[in-house]
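The structure under discussion appears below in the form of structure tokens.
The values are calculated or read from the model by the stated rules, or taken from the named source; none is laboratory data. Please read all numbers here as calculations on a predicted model, not as lab measurements. Cβ atoms come from the backbone with ideal geometry, glycine included; neighbour counts cover every protein chain shown.
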2 protein chains.
Amino acid sequence: MTTLKELAKLLNISVSTVSKALNDSHEISENTKRRVNELAEKLNYKPNRIAQQLKNNKTKTIGVILPTVTNPFFAEVLHGIEKTATENDYDIIVCLSNESLDKEKRSLELLSNGSVDGFLITVARESQVKEKTDHIAEVLNTKIPVLMFDRVVNEISCDKVIVNDFQLVYDATQYLIKRERRKNILLVSNIEELSVGKLRIRGYRKALEEAGLESNILKLDNVKDVDKTIYEYLKGHPETDGIISIDHITGIIAINMAKNLNKAIPKDLSVIGFGYEHTNLLSSPKISIVHQNAYNIGEMSVKLLIDNLTNENHELQTIVVPSELKLSESTQ
Amino acid sequence: MTTLKELAKLLNISVSTVSKALNDSHEISENTKRRVNELAEKLNYKPNRIAQQLKNNKTKTIGVILPTVTNPFFAEVLHGIEKTATENDYDIIVCLSNESLDKEKRSLELLSNGSVDGFLITVARESQVKEKTDHIAEVLNTKIPVLMFDRVVNEISCDKVIVNDFQLVYDATQYLIKRERRKNILLVSNIEELSVGKLRIRGYRKALEEAGLESNILKLDNVKDVDKTIYEYLKGHPETDGIISIDHITGIIAINMAKNLNKAIPKDLSVIGFGYEHTNLLSSPKISIVHQNAYNIGEMSVKLLIDNLTNENHELQTIVVPSELKLSESTQ
DNA sequence: TTGTATGCGTTATCAT
DNA sequence: ATGATAACGCATACAA
């Protein structure tokens, strides 16, 4: 890599002159600027980013800690994060916790050595279930800003970007009750022990209670044959006329199983799931989904974190990113 | 952040003594080491990574440039990359080209300033279609190692990690011909203009030619209503008794459409697609897939790049990661 | 065993 | 208009 020193030597001028010339300082003559810029161009000079980071004590880099990227929700969040970070001249260093507390902790510790200016994090499943989040609080103690999105820890005070999980499922359930006159609505889930899962289940329960209906929940986390389990449930409960899935996968499976049982969708059974950009391509009839606008979650998270990093008067806040109910063929 | 200087001042010793003590140098007395380590522990000292990077002229960071992460194939590759990088004490900076030549170019240029030690890249669709890859060659000119995976550019000489696309589809097609006695095998695809798509189509053609059968290809890239297009094709060609999908989505749609036409799967129609970890959960009957072992692609890529970065005698090579045909319910 | 000096590449301050 | 020097934090060759 070409350095200032090399340019200076070749031009027989000092390093500081070269530096100033490249930064278009008024102290430098037009002639010198021209000579310097020409040579810099020719040798493809680029200021060494690491040296700048050391000098400025800023990395312009954000640490992003995600449970996984195989889940399309987080994939789309990451898309939003990357795009917005790039637009604001930030790089992102990505770590995947794989839902492990230990990996999450190590990643945070490793990057808390000046590698990044701040963190975006979704707490790992294990950390959340075991309620161990001291490692996150410790990062905040070292004055490195942290923003939590999606899954959050109430006890920790920091910026947060979330979805209105409770309201969303409440609304979706109410839609099935009031608009589609469904009486026996099943909730299927493989995320029941996550904070967001609990909130969604509460929304479902509230809507049913208000309507005087009974709630039925099929918990599928750690279940091996998800398809068979749903099939057997539907077979044993033929009265089921509505399904709310609170994740992005069990709703599609439920549609397939219902079809195998010769249930007409949406005539006999309405289905609403959670989903992302192309989710509804995957089922026939196309599944109606709660679209969480994952991209926007990523976008808002980056913007809020950068505000924290750059704005003296930044105030901690919690942003709720609006979601939308995207009705398709699996509802009437 | 605590620095060596601060520790030195507090202990009334020199910076270099502190540095050596922390690095467990034999030059330093046990007593001093103890004092230093205790204070370092107490103040939660961590060596500033940026300063180390500048000193060593190494970042221990890999730049990863992906077209997207919403595609589960790349998501799983990224998983393999992250895990393997972490195990080898490397960070990853992730950039998403979004299939755009321009974004890919800018990302490469931005990180070619000392930010990373090397690159892992899958060429963007636009770059590949327009055959513009000078920006990648330029990075190599600056002596920063680049490794291409999945989609590769033949004209550029560098490490490569690929899948045996030709052979895979050849084998899958032959399976339908020889084992399942299929005569009218359709290929569906939404990636026909990518290098990997072309290779896969060639494998399909070869197998059919050898068997004296006719090839039929349904190209779906840029098609709006993929489901309807497949439906209409199958309706107009009821003789179709086998389908090869060369991407991870059109195979599932084909199964759904065939069922809508009351075709029995796999009795009337066998289907093989491409897919990843949980792909087969999404269809009923479960789809048979070519599993590309995306995770391994990521893993091998990192290992090969690190060898290039650290091994004096590294020789450029192309690794073919073996895939497997995972038969499930959509074949007999 | 400990300390001093130097340099990584850049930029800001202070001479000349 | 140009140059010398110092500093960011760390590591190491070299003195003492």
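Some values worked out for this structure:
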{"item": "Any hit, the range A:237-246, residues being surrounded by 22 or more Cβ atoms within 10 Å (Cβ to Cβ), in a strand (DSSP E or B) and of a type outside the set (A, V, I, L, M)", "result": "yes"}
{"item": "Output for the range A:252-294, where each listed residue is over 23 Å from B:ASN190 (Cα atoms) and within 21 Å of the chain's Cα centre (by Cα)", "result": "A:GLY273, A:PHE274, A:ILE289, A:VAL290, A:HIS291, A:GLN292, A:ASN293, A:ALA294"}
{"item": "Among the candidates A:ALA124, A:ALA51, residue that is of a type in the set (Gly, Ala, Ser) and within 16 Å of DNA strand C (Cβ to nearest atom)", "result": "A:ALA51"}
{"item": "Close pairs (7 angstrom Cβ cut-off, 6 or more residues apart or separate chains): in the same structural domain as A:LEU304 (by TED's automatic domain parsing) in the range A:75-94, basic (Lys, Arg) anywhere", "result": "A:THR84/A:LYS303; A:ASP89/A:LYS60; A:TYR90/A:LYS60; A:ASP91/A:LYS60"}
{"item": "Scan of the range B:49-67 for residues that are more than 7 Å from every other protein chain (Cβ to nearest Cβ) and more than 22 Å from B:LYS143 (Cα to Cα), ordered by number", "result": "B:PRO67"}
{"item": "Positions within the range A:106-146 being more than 23 Å from A:TYR90 (Cα to Cα), of a type in the set (Asp, Glu) and more than 9 Å from chain B (Cβ to nearest Cβ), in sequence order", "result": "A:GLU126, A:GLU131, A:ASP134"}
{"item": "Among the candidates B:VAL188, B:VAL161, B:VAL223, residue that is under 20 Å from B:ILE287 (Cα atoms) and aliphatic (A, V, I, L, M)", "result": "B:VAL188"}
{"item": "Members of the range B:72-85 found to be at the interface with chain A (Cβ under 9 Å from one of its Cβ atoms) and surrounded by 19 or more Cβ atoms within 10 Å (Cβ to Cβ), listed by number", "result": "B:PRO72, B:PHE74, B:ALA75, B:GLU76, B:LEU78, B:HIS79, B:GLU82"}
{"item": "Selected residue (criterion: surrounded by the most Cβ atoms within 10 Å (Cβ to Cβ)) from residues of the range A:25-58 that are away from DNA strand D (no atom under 12 Å from the Cβ) and outside any helix (DSSP H, G or I)", "result": "A:TYR45"}
{"item": "Odd one out for A:ALA294, checked against (1) crowded, with 22+ Cβ neighbours inside 10 Å; (2) more than 10 Å from chain B (Cβ to nearest Cβ); (3) modelled with pLDDT of 95 or more", "result": "(2)"}
{"item": "Subset tally (residues that are within 6 Å of DNA strand D (Cβ to nearest atom) and under 47 Å from the mean Cα position of the chain (by Cα)) for the range A:1-14", "result": "0"}
{"item": "Boolean, A:ILE144 is over 17 Å from the mean Cα position of the chain (by Cα), of a type in the set (A, V, I, L, M, F, W, C) and at pLDDT 95 or above", "result": "yes"}
{"item": "Subset of the range A:267-285 [crowded, with 22+ Cβ neighbours inside 10 Å and assigned to a loop (DSSP other than H, G, I, E, B)]", "result": "A:LEU269, A:SER283, A:SER284"}
{"item": "Number of the condition not met by A:ASN222 [criteria: (1) within 23 Å of A:PHE166 (Cβ to Cβ); (2) modelled with pLDDT under 95; (3) more than 14 Å from every other protein chain (Cβ to nearest Cβ)]", "result": "(1)"}
